[in-house]
Amino acid sequence: MEIPSVTLSPIGVIHSPYQEKFAVPRQPGLVTAINAQLELLPPYNDPHCVRGLEEFSHLWVMFLFHQNGTDEWHPTVRPPRLGGNQRVGVFASRSPFRPNPVGLSVVELKGIHHQGNRVWLELGGVDLVNGTPVVDIKPYVPFVDSVPHARGGFAPKAPVTMPVTFTAEMELRCQQIAIVHPGFRDFLQQVIAQDPRPAYRKQDDDHKIYGVRLLSFNVNWRVENGIAIICAITDIE
C-alpha cells in the first residue's frame, strides 16, 4: 500500500518571551509567571474557529520544531533527564530531533481575544520559542486526557530545580522592568531554576557566565555552590 506524503500548513504562530531555544523550559507548565500568545493566521483568524473554546481551561498545542536547523534524526537520543549520557529510542523521548519535527504541549488557556481581524489566545505555562509555527489546537478533556496512574518511565516526577538569587543591582533592575513586564522577576527565577545548562555541566560550579535572551533582554548568570546568581540584565540592542 502506498502511503501518501503529508503537508502541514501553520494555523497560527506563538509569541513568547523565549527568543532562542536555550533556556526554554523542557516541558510545559514549569514556568508560569509570564504568558504567551497564539495568534491565528488567515483564514483561521475567524472567530467562529474558536467558538466554544472558552469553556475549556487547557489546550493541546501541536507545533513544529522550526529552529532545529537540520532534518537529521537518529534512532536513539540522550535525554537531559538521564544526564545526557544514556541513550533511549527517539520514540521513547520528547527530543525535538525526530523523523517529523512535530511537538505537542498541553497549556493553560487564559483568554481569547479579538481586535479587528486579529484573533489570539492567551496561554500560560508554554514551553515554546517565539515564532513557533502551530499546526493544530485541540481542547484538553480531563476525563480522557488525564491518566492518574500512568507510568512516567525515566521522568516519573518534575525535575529538581536550582536555587536562584539576584545581586542587589539586579533586584533593582527587575523592579524597574516589572513596570512594563509584571512578574518579570518571578519569570526569570522560574526559567533559570530549571538549570538550562547542558546536562554534562549540571554538576559543575564552573563560575562560567551563561547568557540567554528573554523578552527584550540579555540575561547573564553564573553558578556558585549549586546556586544560580543573576548578575546582569541588559537591553538587546
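The values are calculated or read from the model by the stated rules, or taken from the named source; none is laboratory data. Quick caveat: nothing in here was measured; it's all calculated off a predicted structure. Because the Cβ atoms are built from the backbone with ideal geometry, glycine has one as well, and the counts that use them run over all protein chains shown. Surface accessibility is based on the protein's heavy atoms, side chains included, excluding ligands, DNA and RNA. Shrake-Rupley method; radii C 1.70, N 1.55, O 1.52, S 1.80 Å.
Tabulated values for the structure
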read-out: Whichever residue in the stretch 4-62 is assigned to a loop (DSSP other than H, G, I, E, B) and aromatic (Phe, Trp, Tyr) and, among such residues, is farthest from the chain's Cα centre (by Cα); value: 44
read-out: Restricting the stretch 116-141 to residues that are outside any loop (DSSP other than H, G, I, E, B) and hydrophobic (A, V, I, L, M, F, W, C), the residue that is nearest to the chain's Cα centre (by Cα); value: 123
read-out: Answer from 108, 169 - the residue that is open to solvent by 60 Å² or more (accessible area, probe 1.4 Å), in the same structural domain as residue 23 (by the TED database) and not hydrophobic (A, V, I, L, M, F, W, C); value: 108
read-out: Top-ranked residue in the stretch 63-84 [being without any contact (Cβ under 8 Å) to a residue 60 or more places away in the chain and part of a strand (DSSP E or B); ranked as nearest to residue 21 (Cα to Cα)]; value: 77
read-out: Failed condition for residue 99, given (1) of a type outside the set (Val, Ile, Thr); (2) within 29 Å of residue 161 (Cβ to Cβ); (3) in a loop (DSSP other than H, G, I, E, B); value: (2)
read-out: Verdict on residue 87 being open to solvent by 20 Å² or more (accessible area, probe 1.4 Å) and in contact (Cβ under 8 Å) with a residue 40 or more places away in the chain; value: no
read-out: Given (1) assigned to a strand (DSSP E or B); (2) of a type in the set (Gly, Ala, Ser); (3) at pLDDT below 95, number of the condition residue 111 does not satisfy; value: (3)
read-out: Residue 32 open to solvent by 40 Å² or more (accessible area, probe 1.4 Å) and either without any contact (Cβ under 8 Å) to a residue 40 or more places away in the chain or among the acidic types (Asp, Glu) (or both); value: no
read-out: Matching entry among 37, 19 (being in contact with a His (Cβ under 6 Å, 6 or more places away or on another chain), surrounded by 14 or more Cβ atoms within 10 Å (Cβ to Cβ) and within 27 Å of residue 181 (Cβ to Cβ)); value: 37
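Residue-wise test of (1) open to solvent by 30 Å² or more (accessible area, probe 1.4 Å); (2) without any contact (Cβ under 8 Å) to a residue 24 or more places away in the chain.
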site	(1), (2)
128	no, no
137	yes, no
149	yes, yes
164	no, no
200	yes, no
215	yes, no
220	yes, yes
230	no, no
